Each structure stands twice: as structure tokens, then as C-alpha cells.
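> Take a look at the following structure, please.
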Amino acid sequence: MRARIVFDSASDASRRFDRGRGEEAMAQQIPIQEGLFTWPSAAPRILGSRCGGCGEVSFPAQGSCPACAGTETEDVPLAREGILWTWTIQRFPPPAPPFVGDREAFEPFGVGYVELPEGVRVESRLTVNDPDQLAIGMKMELVVEAFDRDAAGNERMGFAFRPVAA
Ligand SMILES: [Zn+2]
């Protein structure tokens, strides 16, 4: 159960809360990493790279091809839909670092590899953490969603895959 803080409207805590809301209004949504996906977009795409020499597609985008070491790579938006190749549920906070969030507020999340038509398997957070809603081979779709907040209060946006309703 997550603890919730309830503010009395007449209390000092409430005034602090109001100031906090003002800061929140100035805060922005920012991508968790530049160049990882197209955003803002109604149909976001993650960005990979394709080798001009052998055609190998990589994600994240790379300047040299992992298959042939060629350096003639170009960035390409990847398909928005793929197939769930394997998955698990992360049930406890990863060690810090790299985990920087609130350990008390941690909620289990799904993580998996989604195989895209380009032949690349993308490691990704999943939008659901219920094992009953996940199955190897199911169709998945890319979404961009709030991931966490940085120290300045900006909402950091990351990509995830969600099951496509059959
Ligand atoms: Zn290559």
C-alpha cells in the first residue's frame, strides 16, 4: 500500500502544496533520452539504425554496424508494432544506481523483449505488470508514457510496449 499525504486546506502544508503546484506548472515533459524515439507524436516511433553495407538494423541507433563493423549507418524509425519475444515482471527496485526513483513508491513493472519486423529485438518496459495479460508471441504496440520525474520536477517520458487488444 502506498502512503498518501493528505493536506488540510488551512495548514502550512497546504500552502507548501500550492507552491509545489506552481512549480509543477512550469515543469515540462522531457524525453528520458534524446534521439531515442520521435516525440511528441500521436504515433511515436523508436529510432534505430540501418547499416548501408549489410542492412543490419540495430536499436538503439549505432554509428557502426555490430554485424559487419561498417560505419555507413543511417537512423531509421522502427515499426510501432512487434511480437513479445520474452518477458518478466520486475518485482523489486533495481539496485541504486542506476535506480534513482523513490524505493518506497516502487511498483512492479513488466519488462520484455519485443521483436520488430525489422528483425531487431528491443528491450523495453511493458505497460502491464499482470502475468495474466502477457504471453510470448502476443502483438505489442509502442507507446510513450511518463516514466519518472527529474530533480527539477520535469516529467521524464520513456517508451514502453503495451499489448494490442486482439
Ligand atoms: Zn553491417
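> Quick one: 3J(HN,Hα) in Hz for region 111-124, Karplus 6.51/-1.76/1.60 with θ = phi - 60°, rounded, Gly and Pro as x.
The phi angles translate into 9, x, 10, 10, 8, 9, x, 5, x, 9, 9, 9, 6, 8 Hz.
> Please list, ordered by chain and number, the residues whose modelled amide H lies under 5 Å from the amide H of Thr73; skip anything fewer than 5 residues away on the same chain.
Gly52
> Give me the extension gain from Arg162 to Ala79: residue separation times 0.36 nm, minus the current Cα-Cα distance, reported in nm with one decimal.
28.5 nm is the gain from fully extending Arg162 to Ala79.
> Can you give the extra length, in nm with one decimal, that the chain gains between Gln29 and Asn129 once fully stretched, where that is 0.36 nm per residue apart less the Cα-Cα distance?
33.6 nm
> Moving on. Jot down the radius of gyration and Dmax of region 80-163, Cα atoms only, both in angstrom.
13.5, 40
> Taking 0.36 nm per residue of sequence separation and subtracting the Cα-Cα distance, how much length would be gained by fully extending the chain between Glu145 and Thr38, in nm to one decimal? List each step's numbers first, then the result.
Numbers: separation 107, 0.36 × 107 = 38.52 nm, distance 1.27 nm.
Extra length from Glu145 to Thr38 when fully extended: 37.3 nm.
A short reminder: the numbers here are calculations on the coordinates, not readings from a lab. Source: prediction; values computed, not measured.
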